[in-house]
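Below is one structure, written out as structure tokens; comments come after it.
The values are calculated or read from the model by the stated rules, or taken from the named source; none is laboratory data. All of these numbers come straight from a predicted model, not from anything done at the bench. Please note: Cβ atoms are built from the backbone with ideal geometry, for glycine as well, and neighbour counts cover all protein chains shown. When the accessible area is computed, the model is the full protein with side chains, heavy atoms only, and any ligands, DNA or RNA have been set aside. Shrake-Rupley method; radii C 1.70, N 1.55, O 1.52, S 1.80 Å.
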Amino acid sequence: MLTRLTPKAWLNGQPLSPRAHVIWGLLLPAIVLAVQMSRVWSFTVDDAYISFRYARNLAEGYGLVYNPGEYVEGYTNFLWTLILALGIKLNIDPVLASKVMGAASAFGSLALTYRLSQRLMPLRSFPCVSTWLLSTSIVFSGYAIFGLETGGFLFLILLGCWLMLNETDVANRTHWPWSGLVFGLAALTRPEAPLFIGLLMLFLGRQFLGRQNIYRGLLFVSLVGAHLLFRVYYYGSWMPNTLSAKTGNLEYQLGNGLTYLMNYAEHTGPILWFALLGTVTAITLKQKQLIAIAVMAIAFSSYIALVGGDWMPLFRFMSPVEPLVFILMDAGLRSLLDRREQALNITLAIILGIAAWARLDTLQDSQDFIIDHEKHFWDTAAGGTAQWFLQNGKPGDIGIGDIGYIGYATRRPILDLLGLVDPNISRMRGGYTQKTGSEWLDYIFERAPRYLLIISSSHHCQQPSVYGSQLIYNDPRFAQRYQLAGKTRLDNGFAWCFYELTVTSGESRNTSSDTHPQASSPY
């Protein structure tokens with residue numbers, strides 16, 4: 001007969017029941033996660049609309065392209081975009097579909113984090129800590145529902161890890177390795193998946209050349225290989241255009257990437273040091289699978305440093321790392337707490353209480369930043385710009401750098417000044433946002449888009465504030481060929497200014513009609 005666990009019995013070392021572990025370590029964090037996602041549900045990051053436009057063009061029969069007729073792979077989430085396209089065919093709004101899929105993926109990832117923590121460090125007297133850390137992370141709760149594939153990719157990576165660790169148990173080594181299929185789907189969702197499956201396969205030791213692992217590798221390679229052949233056939237390239245657009249200056253990338261990691265460490269706080277304790281615990285206990293988790297976290301962090309981090313706020317690129325780091329922190333913390341040493345536990349309780357207060361404060365600040373700053377800015381800048389073109393713009397293409405919402409809402413042909421969907425710019429010298437030499441300027445004026453967007457630090461549009469806008473504005477050809485047509489006023493005196501190409505002798509203007517009929521804007 002089961003006896004009820006009393007506080008006194010628990011303090012004396014009696015472990016929590018499985019039901020109590022699920023309630024305290026999974027169900028309550030899931031409720032916290034739901035609340036956190038609801039607070040930032042209204043924000044959709046601008047880059048998500050790039051995939052929405054690709055998906056809509058595919059659903060409407062124009063192909064998997066950004067600008068109809070231009071076969072450029074300017075996205076890195078093939079499977080995610082296909083699912084969105086299917087939703088559009090079924091009359092499902094891609095913004096809603098992306099958020100619902102992301103939220104569902106977040107709950108799945110939370111459950112998988114719980115199961116991985118339980119497997120790697122059996123639950124005893126204290127509930128799972130990693131799920132609480134995850135549910136109070138703006139990286140996890142925010143980027144799950146900001147419209148990107150981040151949440152879906154994380155779910156597939158964690159599911160692949162969970163399946164693979166189970167498949168390598170002695171009793172399961174004859175089972176079919178479905179983890180290879182799941183990691184293959186992850187690779188179709190984001191290009192970083194090979195890093196995770198590759199490291200896990202290496203940690204199999206003698207099983208690396210076993211039949212199960214060979215089948216696992218074949219499943220993975222078949223999916224990735226099929227996608228690679230499609231890419232070559234459809235786009236004529238072995239790699240996505242975004243790779244060359246976002247790279248090209250290794251020294252600059254490393255500097256930005258290391259700064260990105262340091263800023264994340266500062267954002268997370270001193271509690272991050274418990275991940276080191278978890279790693280030491282894994283090495284001390286010779287827990288190979290937990291060591292593999294640590295190696296994957298270190299390897300992906302190194303990858304982030306190599307590619308230069310990310311421009312989006314609040315550390316989107318850390319999403320695949322966080323659950324791994326939190327699992328390590330969980331293992332380190334519970335290895336101490338389960339000792340039931342009174343002085344140690346009181347000290348840890350004080351530390352965790354202070355850390356929890358600071359973490360919730362950081363989470364609140366991050367949510368306020370997203371809604372009060374990021375959403376307000378993009379609603380005003382991109383939303384206002386799209387509205388201007390829908391109401392006042394003449395037919396023709398637009399040269400801009402932020403191609404997400406504006407391109408999606410206006411349906412106009414876009415000249416991407418940053419090169420994500422333009423191979424001519426992506427292959428120029430320099431890193432991301434730095435491909436701005438004379439070749440870049442010549443290309444822009446040769447293309448002669450009907451409109452060019454200049455970002456200005458003044459409402460009168462005569463003080464371009466970003467480097468690319470300064471180069472275009474100060475080029476003599478700009479004043480000769482373009483005149484101010486409209487503007488969107490922003491806070492602090494800034495403005496997004498729209499210059500229209502004027503007709504001059506010996507020059508032609510791109511007056512092609514919009515590829516699609518104009519869409520209505522929610523702004």
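Descriptive notes on the structure:
- With a Förster radius of 56 Å applied to the C-beta separation of I23 and Q470, the computed FRET efficiency comes to 0.45.
- Here the stretch 313-458 is assigned +1 on the Cβ of each Lys and Arg and -1 on the Cβ of each Asp and Glu. Its dipole about the Cα centre then comes out at about 320 debye.
- Farthest toward positive dipole pole in the stretch 291-438 [+1 Lys/Arg, -1 Asp/Glu at C-beta], among S438, G308, L344: S438
- Close amide H contacts of Q14 (hydrogens built in the peptide plane, cut-off under 5 Å, sequence separation of 5 or more or a different chain): none are found.
- Cα long-axis angle, helix 322-337 against the chain (0 to 90 degrees, to the nearest 10): 20
- Whole-Hz ³J(HN,Hα) from phi, Karplus 6.51 cos²θ - 1.76 cosθ + 1.60, for the stretch 114-129, glycine and proline x: 4, 5, 5, 4, 5, 5, 7, 8, x, 6, 10, 7, 10, x, 4, 9
- Per residue value of the accessible surface for the stretch 370-477 (all protein chains in place, 1.4 Å probe), Å²: 37
- Taking all pairs of distinct alpha-carbon atoms in the stretch 119-269, Kirkwood radius in angstrom: 18.1
- Between H459 and A226, the simple label model (points 7 Å from Cα in the Cβ direction) yields a spacing of 5.7 nm.
- When a 1.4 Å probe is rolled over the protein heavy atoms, the share of accessible surface on the stretch 20-68 that falls to carbon and sulfur comes to 68 percent.
- Working note: Karplus 6.51/-1.76/1.60 with θ = phi - 60° gives the stretch 478-491 the couplings 5, 5, 6, 10, 10, 9, 5, 10, x, 7, 10, 7, 10, 5 Hz, where Gly and Pro are set to x.
- Computed in the context of the full set of protein chains, the accessible area of the stretch 75-203 at 1.4 Å probe radius has 72% of its extent on carbon or sulfur.
- Degrees, to the nearest 10: 211-235 long Cα axis against longest axis of the chain: 10
- Estimated from the Cβ-Cβ distance and a Förster radius of 35 angstrom, the FRET efficiency linking A30 and W357 is about 0.95.
- Couplings 3J(HN,Hα) of the stretch 383-388, computed from phi: x, x, 5, 4, 5, 4 Hz, in residue order, whole Hz [Karplus 6.51 cos²θ - 1.76 cosθ + 1.60, θ = phi - 60°; x for Gly and Pro].
- Length-normalised contact order of the chain in % [C-alpha pairs under 8 Å, at least 6 apart]: 16
- A simple charge model with +1 on the Cβ of Lys and Arg, -1 on the Cβ of Asp and Glu and nothing else charged puts the dipole of the chain at about 1580 debye relative to its Cα centre.
- The chain: calculated mean residue ellipticity at 222 nm from DSSP helix runs of at least 4, using -39500 (n - 2.57): -18000 deg cm²/dmol
- Rounded accessible area per residue of the stretch 216-313, 1.4 Å, Å²: 53
- Highest average packing first - 380-390, 178-188, 194-204, Cβ atoms within 10 Å: 178-188, 380-390, 194-204
- Rounded to the nearest 10 degrees, the angle from helix 193-202 to the longest Cα principal axis of the chain is 30 degrees.
- Given R0 = 41 Å, the distance between the Cβ atoms of D365 and D169 translates into a calculated FRET efficiency of 0.45.
- Under 5 Å between amide hydrogens, built in the peptide plane, is the criterion, and for F146 it picks out nothing among residues at least 5 positions away or on other chains.
- Every Cα-Cα pair of the stretch 69-186 was included, and the share exceeding 18 Å stands at 60 percent.
- Database remark: amide H of K487 closer than 5 angstrom to the amide H of F498 (H placed geometrically; neighbours at sequence offset of 5 or more, or on other chains; Pro and chain starts carry no H).
- Site pair R211 and M312 shows an inter-label distance of 4.3 nm when each label is modelled 7 Å from Cα along Cα→Cβ.
- The stretch 322-376: C-alpha pair distances exceeding 14 Å, %: 69
- All alpha carbon pair distances within the chain were sorted into 10 Å bins beginning at 0; the resulting P(r) in whole percents reads 4, 17, 27, 24, 15, 9, 4, 1, 0, 0.
- Difference of contour (0.36 nm per residue) and Cα-Cα distance, Q14 to K394: 129.4 nm
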